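**Q** Submitted below is the structure of interest, expressed as structure tokens.
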């Protein structure tokens, strides 16, 4: 990535939770488009990019403290990831300086997260569908 022949710099953090690793990009000016699938694939590539299971964009929100946008390693948009959201909350508190209890917007809904020492918890939505026979496609 070059701009006028000079290498561009993109500040990011790389974090992991229980073995899932993520590249976290703080995007306070909301410049990163989730539709840039090729860019996110490149970032996640373990040979030519940074290498990660996904990219998490930290964006502004009118409804919560921040907005969470998660891109899978193939560049597709993900709804939410439990481990990724825990990294997001830790980053928001420890790096950006938000309160230890915070809210974030995901796909139009507001989710709560909390940091207590080294423990991070996120309030996940209750399952809407429970399948008694896992793996069976209907």
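**Q** Of these, 109, 114, 67, which one is more than 11 Å from the chain's Cα centre (by Cα) and surrounded by 14 or more Cβ atoms within 10 Å (Cβ to Cβ)? Outline the logic, then answer.
**A** Working: 109 fails: surrounded by 14 or more Cβ atoms within 10 Å (Cβ to Cβ); 67 fails: more than 11 Å from the chain's Cα centre (by Cα).
Within the list 109, 114, 67, the selection yields 114.
**Q** Based on what the data block shows, is residue 92 in a loop (DSSP other than H, G, I, E, B), touching a residue at least 12 places away in the same chain (Cβ under 8 Å), out of contact with any helix residue (DSSP H, G or I) (no Cβ under 8 Å at 6 or more places or on another chain) and crowded, with 17+ Cβ neighbours inside 10 Å?
**A** Numbers: in a loop (DSSP other than H, G, I, E, B): no; touching a residue at least 12 places away in the same chain (Cβ under 8 Å): yes; out of contact with any helix residue (DSSP H, G or I) (no Cβ under 8 Å at 6 or more places or on another chain): yes; crowded, with 17+ Cβ neighbours inside 10 Å: yes.
Answer is no for this residue.
**Q** Quick check on my filter: what residues within the range 34-62 are in contact with a helix residue (DSSP H, G or I) (Cβ under 9 Å, 6 or more places away or on another chain) and more than 21 Å from residue 91 (Cβ to Cβ)? Can you show your working first?
**A** As a first pass, look at the range 34-62 and keep what is in contact with a helix residue (DSSP H, G or I) (Cβ under 9 Å, 6 or more places away or on another chain): 34, 48-56, 58.
Scanning the range 34-62 gives a single hit, 48.
**Q** In this structure, is residue 23 in a loop (DSSP other than H, G, I, E, B), at pLDDT 95 or above and in contact with a strand residue (DSSP E or B) (Cβ under 6 Å, 6 or more places away or on another chain)?
**A** On the way: in a loop (DSSP other than H, G, I, E, B): no; at pLDDT 95 or above: yes; in contact with a strand residue (DSSP E or B) (Cβ under 6 Å, 6 or more places away or on another chain): yes.
No: the conditions fail for residue 23.
**Q** Would you check if residue 128 is free of Cβ contacts under 8 Å to residues at least 24 places away in the same chain, surrounded by fewer than 19 Cβ atoms within 10 Å (Cβ to Cβ) and assigned to a strand (DSSP E or B)?
**A** Spelling it out, it is not the case that residue 128 is free of Cβ contacts under 8 Å to residues at least 24 places away in the same chain, surrounded by fewer than 19 Cβ atoms within 10 Å (Cβ to Cβ) and assigned to a strand (DSSP E or B).
**Q** Sticking with this structure for a sec: How many of the residues in the range 50-89 are part of a loop (DSSP other than H, G, I, E, B) and in contact (Cβ under 8 Å) with a residue 60 or more places away in the chain?
**A** Of all residues in the range 50-89, those part of a loop (DSSP other than H, G, I, E, B) come to 50-53, 60-65, 73-76, 79-81.
Of the ones still in play, those that are also in contact (Cβ under 8 Å) with a residue 60 or more places away in the chain are 81.
Residues that pass the stated criteria total 1.
The values are calculated or read from the model by the stated rules, or taken from the named source; none is laboratory data. Values in this document were obtained by computation on a predicted structure and should not be read as measured data. Note that we place each Cβ from the backbone using ideal geometry, even for glycine, and neighbour counts take in every protein chain shown.
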